[in-house]
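Shown next, in structure tokens, is the structure this report addresses.
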Amino acid sequence: MNRNQTSDDPLLKNCRPEWPEWTCLGANVCGLCSTTLWFLVLLPQVWKNFRQKSVVGLSVLWGTANFTASLINLCFVYGYAEIPLYGKINSIYMPILEFTILVQFWIYGDHYNKKHKIAYLITCLCVWTALISLNLGLELYPYIQWIAISLWCIETFPQVFLNFKLRSTFGQSTRSVTIASVGKMTDFLSTYGLVMPIQYVVMTYFSSSVNYVNVIQVVWFYGRKPNQRNENVSENLQYKEFNDEDKDTERETLCSTKYVQPNFIYKTKKTFRYSLILVFVGFLCLFAFGIVWATKSYFALFAPFTLVSVTVFAFTYYRRTWISESVHVV
């Protein structure tokens with residue numbers, strides 16, 4: 001008899017029958033950990049926006065896709081799907097935080113044209129009303145859910161593109177990105193360790209993978225201001241100031257520890273940065289292996305191929321823009 005049906009323990013639900021019980025327990029615990037992290041993940045971003053009274057550097061498309069997908073998922077979870085308790089809790093809480101960020105875009109988005117903001121709001125309200133009506137009226141839950149899956153698959157891409165455009169992640173809260181990276185890993189372990197709908201398998205791959213591309217951006221661009229052409233600018237300015245102050249001193253002074261230390265620290269940080277990026281690239285490879293294994297089809301390789309293609313295209317496109325700007329400045 002299927003233990004999913006006989007067990008009343010919420011930590012022994014959606015188990016893979018061919019796997020030992022402890023794996024089911026561990027996967028459900030990961031799911032609960034993920035739920036806890038999603039309660040926290042957007043709070044630093046909301047606080048940063050509020051403290052700075054600004055949403056510059058954040059993509060409004062990212063916020064809109066997030067909330068729209070969560071709204072659809074809320075209907076899907078309570079009207080159709082059988083998923084663990086932590087998934088049901090998440091489906092209520094996340095739309096609240098995501099809607100809060102959209103309100104912040106409305107309040108702090110002074111860099112947006114007011115007429116465009118009103119038109120965007122009306123469009124969103126029409127789309128949200130239509131989606132809710134289709135779900136509740138026609139009960140098209142499993143079909144409409146694929147819209148949510150698609151939105152979750154691409155939700156972070158607008159932010160990734162914006163980061164490439166600005167050559168910076170200054171608009172994002174590093175704490176939120178860090179929490180999200182841990183949460184996406186627990187999501188992966190939970191979804192792939194349990195029997196879950198195929199929608200969640202696909203969604204978990206794309207949402208986790210694109211998030212880790214964003215994490216790599218945060219590591220690479222960390223501390224860089226928007227459109228800063230040279231990552232050594234701050235160090236060069238530091239050396240320049242030092243040389244100006246000590247231009248009359250002897251050459252030995254310039255070779256002192258005071259001068260060498262900043263360069264040593266920079267190289268150490270750069271090595272650490274590259275190491276972190278390699279770790280996250282390893283996680284991306286793990287996610288790619290996971291979706292092929294879970295779907296038992298090599299056609300699933302189109303998922304990582306699509307992810308890499310879109311990311312490389314965006315990087316190449318904006319890199320040409322950077323070079324053009326640099327030549328124009330010179």
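Each value in this text was obtained by applying a stated rule to the coordinates, not by laboratory testing. Keep in mind that what you see is a predicted model, and the values were worked out from it rather than measured. Please note: Cβ atoms are built from the backbone with ideal geometry, for glycine as well, and neighbour counts cover all protein chains shown.
Annotations
- Across the cross-link table entries K225/K269; K48/K269; K115/K225; K53/K115, which are compared at the Cα atoms, the separations over 23 Å belong to K48/K269; K115/K225.
- Listing T156, T321 from fewest to most neighbouring C-beta atoms within 10 Å gives T321, T156.
- Relative protection proxy for 30-40, 14-24, from highest mean packing down: 30-40, 14-24 (other beta-carbon atoms within 10 angstrom).
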